[in-house]
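First the structure, in the form of structure tokens, and then the observations on it.
The values are calculated or read from the model by the stated rules, or taken from the named source; none is laboratory data. Worth saying up front: this structure is predicted, and the values here are computed from it rather than measured. Here the Cβ positions follow ideal geometry from the backbone for every residue, glycine too, while neighbour counts run over all protein chains shown.
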């Protein structure tokens, strides 16, 4: 039996509910998926979380794998890449929302002004800072 047939049989066993087949798939692709996730996330904890999400996605969609369209490693890598792109988009959107909360309207009053306290210009510390930079 050639490698493609072995992988196809392994996938069929896993789809049929064979836990040992799933364990073999996880052991075979765990390092590859983790390394891709680590290169993307830069953190071991985040890489582990992302790799776990990839395996969950793989398990749920394993029945859709078609050996005639490509190798299992290609399918696994594509799932990993797509999940990482989705994760990046989601976190970028979340970061941009949290940053936009802190943006203020330049015409809106500051909290001190709204509370009835007049604001004092803060020019002296800035001038001192600029002078110290010039001296360097």
Checklist line | Number of positions in the range 1-13 that are over 11 Å from residue 62 (Cβ atoms) and either under 29 Å from the mean Cα position of the chain (by Cα) or free of Cβ contacts under 8 Å to residues at least 40 places away in the same chain (or both) | finding: 7
Margin query: Between 16, 21, 44, which is surrounded by fewer than 14 Cβ atoms within 10 Å (Cβ to Cβ), without any contact (Cβ under 8 Å) to a residue 12 or more places away in the chain and in contact with a helix residue (DSSP H, G or I) (Cβ under 8 Å, 6 or more places away or on another chain)?
Written below: 44
Next item on the list: Identify, by number, the condition in (1) within 23 Å of residue 4 (Cβ to Cβ); (2) modelled with pLDDT under 95; (3) loosely packed, with under 15 Cβ neighbours inside 10 Å that residue 31 doesn't meet.
Entry: (2)
Checklist line | Test set (1) over 18 Å from residue 88 (Cα atoms); (2) modelled with pLDDT of 95 or more - residue 69 fails condition number | finding: (2)
